[in-house]
Amino acid sequence: MPHKTLYTNDKQFDVIVCGAGHAGVEAALAASRIGASTLLLTGNIDTVAQMSCNPAIGGQAKGQIVREIDALGGEMAINTDVTGIQFRLLNESKGPAVQSPRAQCDKKAYQFRLKHTLELQPKLTLFQATVTGLIYRDGAVIGCRTNLDIEFKGRSVVVTTGTFLRGLMHIGQNKNEGGRLGDFSSKTLSASLMETGMELGRLKTGTPPRILGRSIDFGKMQEQKGDAHPTLFAFHDTRDPEDLFHVEQSGERRLGWAPGTEQVSCWMTHTTETTAEIVRANLHKSAMYSGEIAGVGPRYCPSIEDKFVRFADKPRHLLFLEPEGRSTNEYYVNGLSTSLPFDVQLDMVHSIPGLENAALLRPAYAVEYDFAPPTQLYPSLESKRIENLFLAGQINGTSGYEEAAGQGLVAGINAANKARGAAPIVLGRHESYIGVLIDDLVTKGTDEPYRMFTSRAEHRLLLNHGSAELRLAHHAATHKLIAASRLERIADKASRIDEWVQFLEANRYQGISWAAHVRKTGEGSPLPEDFIRETPQVRHEVMYRVAYQGYLERELRQVERLRNVEKIRIPSGIDYLAIPGLRRESAMKLSHIKPLTLGQASRMSGVNPTDISLLMVAIEAGRREGDPAA
Ligand SMILES: Cc1cc2nc3c(=O)[nH]c(=O)nc-3n(C[C@H](O)[C@H](O)[C@H](O)COP(=O)(O)OP(=O)(O)OC[C@H]3O[C@@H](n4cnc5c(N)ncnc54)[C@H](O)[C@@H]3O)c2cc1C
């Protein structure tokens with residue numbers, strides 16, 4: 001298509017994505033890769049996929065999300081593998097179900113490689129413009145206005161504006177507008193969303209200072225190296241070699257290096273009694289503590305003020321100096337997020353072993369921003385109020401690159417599907433952490449920045465990171481998210497795994513089955529020669545299934561039982577207040593959230609099993625009477 005038509009006002013895209021952060025880039029790539037003409041608008045194309053906070057991807061439950069993104073054709077996993085500078089498998093001493101890969105990334109390489117991938121992606125147009133408002137007609141969104149006085153039309157619109165909606169940053173009493181330091185604040189988009197009746201709330205998050213490496217005395221710190229055998233995020237064993245970089249066919253010189261090579265170290269230090277005294281003496285100056293900031297902060301990414309107040313008995317808190325990349329001398333101080341005044345930050349940093357003479361390159365700060373309570377969305381991430389409008393990422397109340405990217409992927413697929421009249425993808429809680437994430441958000445909502453934990457997934461035994469591809473292949477096939485050749489390799493891997501599990505269960509060695517040996521002695525058990533020659537991915541999954549066989553079977557029976565409840569759809573026109581015996585409080589909640597199924601209703605906070613039974617009776621009765629709403 002001649003490029004000039006792309007930017008005329010009458011051009012209509014299938015999908016417009018507003019904001020090229022971690023959610024937006026996944027949404028735009030997903031939509032364009034399944035064939036939708038997609039426009040990705042962002043306020044500054046030099047900050048595409050910027051890591052506003054620590055230069056790391058993965059970690060507890062987040063690593064699982066990243067592998068699921070790969071299983072569904074997303075980009076975060078590959079981008080991390082080839083720009084990662086240190087890889088560690090967390091919880092290695094615990095069971096495989098809760099082990100999570102984590103990587104430090106070269107922050108700029110991560111960003112620039114993703115920008116390059118967007119530029120090379122067919123059917124995707126990346127354009128620098130700030131979205132100032134959405135255009136609506138008859139209860140649906142039809143496009144957006146920009147700061148360039150250019151309007152764009154789209155059949156679906158995905159808003160992925162992160163921490164930018166009326167973003168306001170705080171350093172002590174000092175305030176600056178912006179979604180993050182050095183960036184703009186999206187000031188009018190909130191009003192445009194609210195004019196539709198959409199509710200917005202206020203949240204906050206914080207980030208630590210950045211330190212100049214040559215001012216650090218590493219001799220006073222403990223080195224933390226990467227794993228000798230890195231656990232990567234992408235499923236390299238089922239990818240076509242040329243598919244590795246998705247658009248490598250272009251032959252362009254791409255950023256990135258062989259995954260896991262030339263790993264760098266992080267460094268561990270800790271706060272001291274002096275640090276604690278400085279913080280406690282200045283609490284009243286902290287924006288987070290002085291009541292300056294309206295929003296609710298992230299419980300799971302506490303500021304150093306939080307730590308010294310909530311854990312007053314802990315004499316010290318661990319800190320990690322994380323390199324921001326290969327070609328920079330900048331370090332991120334993980335664990336020292338604060339909104340204290342800058343002079344106090346200096347005293348605080350200089351009280352830490354190894355940082356006595358540290359030079360700060362960037363101050364720590366907190367940012368408060370608007371978010372849209374996610375119970376206003378369907379499980380597809382489409383708005384219940386404005387048709388064809390999808391929201392994904394931090395705007396939905398989450399915190400974290402991975403949580404944002406997982407939502408962005410789903411929203412991008414569903415925006416494209418909606419534009420072309422196809423059914424949405426909805427991931428179940430039993431098959432993915434992304435499914436748990438989205439179901440928690442749209443069913444329970446959140447009143448503080450939500451981050452994923454393995455404990456949030458009741459079926460976590462089924463969600464070990466290595467099985468993501470096997471669990472999600474049917475979705476990838478239905479929505480054509482990955483190459484047919486890769487689907488074939490996944491099917492082949494799945495059948496080899498099944499065959500080996502059956503072989504180990506059915507064949508005996510020294511009087512008992514091979515599987516019994518595994519359950520008795522774990523990794524060190526005797527194993528058939530041929531099995532040892534299998535790929536590590538097949539071996540790990542077989543060993544996991546054999547070792548946890550009893551638990552996995554019980555989980556699968558539980559999922560089967562719940563599946564029936566999950567299938568019972570709730571009629572869209574149901575009047576909860578008219579259901580005999582249903583508590584008014586529950587009826588009000590159900591009317592507000594409008595769950596699609598009995599399963600979703602049963603997971604709502606404040607709705608109890610009695611409510612669900614009464615609802616089931618009402619649905620059945622409606623069906624018998626031929627109630628059109630049933
Ligand atoms: C100060 C700070 C501290 C943080 N601390 C943590 C932490 O400790 N742990 C953690 O997990 N996460 C943290 N985060 C959050 C993390 O950065 C986000 O979770 C993640 O980046 C969310 O991704 P996103 O795509 O939703 O939004 P973002 O990554 O914020 O991207 C939004 C994108 O939209 C663009 N944009 C915004 N408005 C418009 C508009 N109107 N028009 C066009 N483009 C627009 C922006 O330029 C940006 O590129 C922090 C973020 C900040 C800013």
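Points to keep in mind about this one:
- Contact map, region 396-424: first residue within 11 Å of SER156 (Cα to Cα), second residue acidic (Asp, Glu) and not in a loop (DSSP other than H, G, I, E, B), Cβ cut-off under 7 Å, separation 6 or more or different chains; pairs are GLY412/GLU26; ASN414/GLU382; ALA416/ASP14; LYS418/GLU382; ALA419/ASP14; ARG420/ASP14.
- Single match in SER605, SER613 (criterion: out of contact with any Leu (no Cβ under 7 Å at 6 or more places or on another chain), open to solvent by less than 70 Å² (accessible area, probe 1.4 Å) and outside any helix (DSSP H, G or I)): SER605
- Taken over region 239-286, the criterion of being modelled with pLDDT under 85 and either open to solvent by less than 50 Å² (accessible area, probe 1.4 Å) or on the phi > 0 side of the Ramachandran plot (or both) is satisfied by ASP240, ASP243, LEU244, PHE245, HIS246, VAL247, GLY251, ARG254, GLY256.
- Considering region 176-194, the residues that are open to solvent by 30 Å² or more (accessible area, probe 1.4 Å) and without any contact (Cβ under 8 Å) to a residue 24 or more places away in the chain include one that is farthest from the ligand (Cβ to nearest atom), namely MET194.
- Among the residues here, LEU355 does not qualify as free of Cβ contacts under 8 Å to residues at least 24 places away in the same chain, closer than 25 Å to SER265 by Cα and hydrophobic (A, V, I, L, M, F, W, C).
- Taking the numbered list (1) free of Cβ contacts under 8 Å to residues at least 40 places away in the same chain; (2) in a helix (DSSP H, G or I) in turn, SER93 passes all entries but (2).
- Pairs with Cβ under 7 Å, 6+ apart, first in region 44-62 and within 23 Å of CYS266 (Cα to Cα), second more than 9 Å from the ligand (Cβ to nearest atom) and among the β-branched types (Val, Ile, Thr): ILE57/VAL66; ILE57/THR80; GLY58/VAL66; GLN60/THR454; ALA61/THR454
- Residue in region 147-161 that is farthest from the chain's Cα centre (by Cα), counting only those that are buried (at least 24 other Cβ atoms within 10 Å of the Cβ) and part of a loop (DSSP other than H, G, I, E, B): THR161
- For first residues located in region 605-618 and acidic (Asp, Glu), partners that are surrounded by 13 or more Cβ atoms within 10 Å (Cβ to Cβ) and not in a helix (DSSP H, G or I) and lie 6+ apart or on another chain with Cβ distances below 7 Å form the pairs ASP611/LEU582; ASP611/ARG583.
- Selection within region 130-146 - under 27 Å from GLN50 (Cβ atoms), in contact (Cβ under 8 Å) with a residue 60 or more places away in the chain and open to solvent by 40 Å² or more (accessible area, probe 1.4 Å): THR132
- Residue satisfying condition, being in contact with a strand residue (DSSP E or B) (Cβ under 8 Å, 6 or more places away or on another chain) and either open to solvent by 30 Å² or more (accessible area, probe 1.4 Å) or of a type outside the set (D, E, K, R) (or both), within set PRO101, PRO122: PRO101
- Test: residue in region 180-193 that is in a strand (DSSP E or B), in contact with a Gly (Cβ under 9 Å, 6 or more places away or on another chain) and not polar (S, T, N, Q): no
- Residue check, LEU134 farther than 30 Å from THR338 by Cβ, within 11 Å of the ligand (Cβ to nearest atom) and modelled with pLDDT of 95 or more: yes
- Any hit, region 501-508, residues being acidic (Asp, Glu) and surrounded by 15 or more Cβ atoms within 10 Å (Cβ to Cβ): yes
- In the set (1) away from the ligand (no atom under 11 Å from the Cβ); (2) at pLDDT 95 or above; (3) surrounded by fewer than 24 Cβ atoms within 10 Å (Cβ to Cβ), ASN91 fails one condition alone, (2).
- The requirement of being within 16 Å of the ligand (Cβ to nearest atom), surrounded by 22 or more Cβ atoms within 10 Å (Cβ to Cβ) and not acidic (Asp, Glu) is fulfilled nowhere in region 458-478; no residue meets it.
- A Cβ distance below 7 Å, combined with a sequence gap of six or more or placement on separate chains, defines the contacts here; from region 214-235, residues that are over 13 Å from VAL264 (Cβ atoms) reach residues that are open to solvent by 80 Å² or more (accessible area, probe 1.4 Å) in the pairs SER215/ASN357.
- Residue, least open to solvent (accessible area, probe 1.4 Å), within region 296-329, restricted to residues that are farther than 18 Å from LYS220 by Cα and basic (Lys, Arg): LYS307
- Test result for VAL559, open to solvent by less than 90 Å² (accessible area, probe 1.4 Å), free of Cβ contacts under 8 Å to residues at least 60 places away in the same chain and not hydroxyl-bearing (Ser, Thr, Tyr): no
- Segments classed as helices (runs of 4 or more DSSP H), wholly inside region 11-83, with at least 1 members that are modelled with pLDDT under 95 and within 13 Å of the ligand (Cβ to nearest atom): none
- The set of residues from region 388-412 being open to solvent by 10 Å² or more (accessible area, probe 1.4 Å), of a type in the set (S, T, N, Q) and within 16 Å of the ligand (Cβ to nearest atom) comprises GLN394, SER399.
The values are calculated or read from the model by the stated rules, or taken from the named source; none is laboratory data. For clarity, every value in this text was computed on a predicted model and none was experimentally measured. Quick reminder, even Gly has a Cβ in these numbers, built from the backbone with ideal geometry, and neighbours come from all protein chains shown. Quick note on the areas: whole protein, heavy atoms, side chains included, nothing else; ligands and nucleic acids left out. Shrake-Rupley method; radii C 1.70, N 1.55, O 1.52, S 1.80 Å.
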